[in-house]
Structures are given as C-alpha cells and as structure tokens.
Amino acid sequence: MFLHAITLILWLMAKPNFFIFKNTPFLALAQISGLWAATAVSLNFVLAARLGVVNKFLGGLDKAYLLHAQTGKIAFFYMLFHLLLLLIDALPSTKLALSYIIPFIDIAYDMGKIALSLFTLLLVLTLIIKLPYHIWRKTHQLMVLP
C-alpha cells in the first residue's frame, strides 16, 4: 500500500494540473492502474530475490513467498483493470477501442497485448495447471519476459 501511495503521489506530481480527473477520468485511472501493476511486479522481483533483509523484515522466507504470490495476483488484476479502463476511455471510438485488442494496429499497443497475453499464459501455468516442479520453475522464470 505504501508503494502504491508513493506511485500515486509521483504520478500526480508529474501532471501539469489535476484536470485529467475531470476531463478523462478513465484514462487517469488507467494510467494509475498501469503504474500500480508495474510497482507490484517490481516488488515481486524483490520478494523473489530471497534477500535476507527482506525475509527478516517479513518474518521468514515462507511469508515472503506468500506475499510474492499475493502481489503477483494483485499485479495481474491491475493489468486487467488497466486494459478495461483504456477500453472504457476509448469509447465511443470503436477504432481506438479495437486497437487495444486487435493485433498489428499500433506497435506500442501490440507490445502491451503480447505482454498481457504472456502474463496470462504464465499465470495459468503457475496457478491453475499443476505442473511438476522442474517445469513449473522454468515457466515461472519466464515471467521476466513480459
């Protein structure tokens, strides 16, 4: 929560004015949720690093891994929420809304679609499908790609 608050404050400080909430509230919320997703993913890299100081602060490696799992789920929720808010903000322009979903319209959006699709696939492999540990570990290590 602390990291999310800092991220929000920095985002607000980067805005020339606060009219973004009045003029484009869904876009503002989409930007915030995207930043919160990036913050949660970054925190997950720290939690996965098995740093002694982090584990000691959290009360052990087992608690760090539990927080890692929860933070990953939260990050994925923010990613999905980011896309949903972008889609809502784009309406009634169906062309812009479709550019967030259909490939090969805009390279920047395509990178986001690829990353979200890869995250979704890897999370399904990690959380839903029960794989042998040595395979699960390899798929989990691929999380760095998206």
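Only one of Ala5, Ala37 is farther than 23 Å from Pro146 by Cα and at pLDDT 90 or above; which?
Ala5
Are there any pairs with C-beta distances below 9 angstrom linking a residue in segment 102-123 that is of a type in the set (Asp, Glu) to a residue that is surrounded by 13 or more Cβ atoms within 10 Å (Cβ to Cβ), with the two at least 6 apart or on different chains, and if so which?
Between residues of segment 102-123 that are of a type in the set (Asp, Glu) and residues that are surrounded by 13 or more Cβ atoms within 10 Å (Cβ to Cβ), the close pairs are Asp106/Ser99; Asp106/Tyr100.
Which residues, taken from segment 34-91, are hydroxyl-bearing (Ser, Thr, Tyr) and within 21 Å of Leu8 (Cβ to Cβ)?
Across segment 34-91, the qualifying residues are Thr39, Ser42, Thr71, Tyr78.
In segment 9-24, is there at least one residue being more than 16 Å from Pro146 (Cβ to Cβ) and in contact (Cβ under 8 Å) with a residue 60 or more places away in the chain?
Yes, segment 9-24 has at least one match.
Examine segment 117-126 for a residue that is assigned to a helix (DSSP H, G or I), open to solvent by 50 Å² or more (accessible area, probe 1.4 Å), touching a Pro at 6+ places or on another chain (Cβ under 7 Å) and over 22 Å from Thr7 (Cα atoms), and state whether such a residue exists.
yes
Give segment 85-116 a look and list any residue that's more than 29 Å from Ala48 (Cβ to Cβ), open to solvent by less than 70 Å² (accessible area, probe 1.4 Å) and not β-branched (Val, Ile, Thr), or say none.
Leu87, Asp89, Ala90, Ser93, Leu96, Ala97, Ser99, Tyr100, Asp106
Could you tell me which residue of segment 39-69 is surrounded by the most Cβ atoms within 10 Å (Cβ to Cβ), considering only residues that are touching a Leu at 6+ places or on another chain (Cβ under 7 Å) and of a type in the set (S, T, N, Q)?
Selected residue: Thr39.
Which residues, taken from segment 127-146, are surrounded by fewer than 16 Cβ atoms within 10 Å (Cβ to Cβ) and among the aliphatic types (A, V, I, L, M)?
Answer for segment 127-146, where residues must be surrounded by fewer than 16 Cβ atoms within 10 Å (Cβ to Cβ) and among the aliphatic types (A, V, I, L, M): Leu127, Ile128, Ile129, Leu131, Ile135, Leu142, Val144, Leu145.
For segment 16-38, which positions are among the β-branched types (Val, Ile, Thr) and surrounded by 19 or more Cβ atoms within 10 Å (Cβ to Cβ)?
Hit for segment 16-38 is Ile32, nothing else.
Any chance you could count how many residues in segment 98-115 are more than 20 Å from Leu145 (Cβ to Cβ) and either under 19 Å from the mean Cα position of the chain (by Cα) or acidic (Asp, Glu) (or both)?
3
The values are calculated or read from the model by the stated rules, or taken from the named source; none is laboratory data. Please read these numbers as outputs of a predicted model, since none were measured by experiment. FYI the Cβ positions are ideal-geometry reconstructions off the backbone, even for glycines, and counts take in every protein chain you see. Side chains are part of the model used for accessible areas, which takes the heavy atoms of the whole protein and leaves out ligands, DNA and RNA. Shrake-Rupley method; radii C 1.70, N 1.55, O 1.52, S 1.80 Å.
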